[in-house]
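Heads up: the structure comes next, in structure tokens.
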Amino acid sequence: MKGHSGISSPFFIVKKPVDAIIRDIKKGDSKDIVELFRANYDDTYYKKSFYDHKTWEEMVESKKYYPIVAEIDGKVVGQFLLTVNDKYNGEIGAVVVHPDYKGRGLMNKMFDYLIKKAESLGLSAIYGEAIMFHPFSQKANLKHGMIETALQLGEVASWIAQKDIKFEKRSGTLVGYKIFNRQKRSLYTPKIYRKLILDRYKKASLPISKAAIRPIKKSLKLWENRLLKLSGIIIDGKIKNFENRFNTLFTKAKLRGEMVYADINLHTPEIEEITEFLNKKRFFYSGVLFYRYNGFDYLRLQYENTHNVEERLNVCFSDYCKFLSKFVIRDKKRVARL
């Protein structure tokens, strides 16, 4: 697909660009936005609150959610959402364009506006998770300077669909980052993944220092997303009695998630032994998450807690995505032999 001037996808046909007003959400937009989700997803979008007008009206004054809209002839025909996680990073997603205006450049225009909005808020980075049903979102992310850093197998529940297109199994997402603040940071990297990790820092033009710059507070934390049946453990340093305490949280995580993630702070001196321990638990490579929690970077590993994970039908646009997809599958097989 690389080098194609158009988009090869059953969902999108490139047409002549159209003029539109790109702006922040305002009161009265909610009806049109809800209609956009119905036009794209019927009633299958996993965040049911997005079908509630009140949800969007509350975002007008929100300091966490920043919907960007495209308006044509007084009607909202596109929406792109920026969610601020903390003072360091935000997530982009939930983009919808009216079927009559797909392929007309509206997503790109909203994307440009969203990037400026994120910078104006003082964020250090934004990231997006492109559902791998098709290459369109991946191509858009690359066009806007995002760096692909992680592949998350099985993150998308099998019941999530785009109109009549769906997978029978849990499908993957490709994580892309756009960095605004390229401050120097110190890193500890496990030998098995060092080359891949450093390659992403080089690609993102992020400087690395040998001296420790920020201390970390050692902790283990469990998180879960009940709706999507995902869970994870955030590892900040090696706490006392680490293995037993991790195993306790891991048991809980497996009860709550079909996919379980382990996010290791890359400022952790003991990252080599922690990674080896997790590999023996059959956690395999996912990628790098910049500024993910409290401004720190993390190595994400992943564990399949179900056999219902799609590994063959995930679509890649870039050469790096294809490479990463193959590496992730190889690493999964490697840890299974440990």
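The values are calculated or read from the model by the stated rules, or taken from the named source; none is laboratory data. Quick caveat, the model's predicted, so the values are computed rather than measured. Note that we place each Cβ from the backbone using ideal geometry, even for glycine, and neighbour counts take in every protein chain shown.
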Hey, any hits in region 230-241 for a residue that's assigned to a loop (DSSP other than H, G, I, E, B), touching a strand residue (DSSP E or B) at 6+ places or on another chain (Cβ under 8 Å), within 21 Å of Gly90 (Cα to Cα) and of a type in the set (A, V, I, L, M)?
-> no
Give region 253-286 a look and list any residue that's surrounded by fewer than 14 Cβ atoms within 10 Å (Cβ to Cβ) and more than 23 Å from Arg337 (Cβ to Cβ), or say none.
-> Leu255, Pro269
Could you list, in sequence order, all residues of region 304-321 that are outside any loop (DSSP other than H, G, I, E, B) and more than 17 Å from the chain's Cα centre (by Cα)?
-> Glu304, Val309, Asp319
Report yes if some residue within region 234-247 is in the same structural domain as Tyr320 (by TED's automatic domain parsing), surrounded by fewer than 20 Cβ atoms within 10 Å (Cβ to Cβ), under 16 Å from Thr149 (Cβ atoms) and charged (D, E, K, R); otherwise report no.
-> no
Output for region 55-80, where each listed residue is part of a strand (DSSP E or B) and surrounded by fewer than 23 Cβ atoms within 10 Å (Cβ to Cβ) = Tyr65, Tyr66, Glu71, Ile72, Lys75
Boolean, Asp43 is out of contact with any Gly (no Cβ under 9 Å at 6 or more places or on another chain) and loosely packed, with under 13 Cβ neighbours inside 10 Å | yes
Please work out which residue is nearest to Lys254 (Cα to Cα), limiting yourself to region 265-303 and to residues that are among the small types (Gly, Ala, Ser) and in a strand (DSSP E or B).
-> Ser286
Could you grab the pairs with beta carbons closer than 9 Å, sequence gap of 6+ or different chains, first residue in region 198-216 and on the phi > 0 side of the Ramachandran plot, second one outside any helix (DSSP H, G or I) and among the small types (Gly, Ala, Ser)?
-> none
Under 9 Å between Cβ atoms, at least 6 apart or on separate chains: pull out the pairs that start in region 173-188 with a residue that is without any contact (Cβ under 8 Å) to a residue 40 or more places away in the chain and end on any residue that is of a type in the set (A, V, I, L, M, F, W, C) and surrounded by 15 or more Cβ atoms within 10 Å (Cβ to Cβ).
-> Arg182/Ala204; Arg182/Leu206; Lys184/Leu206
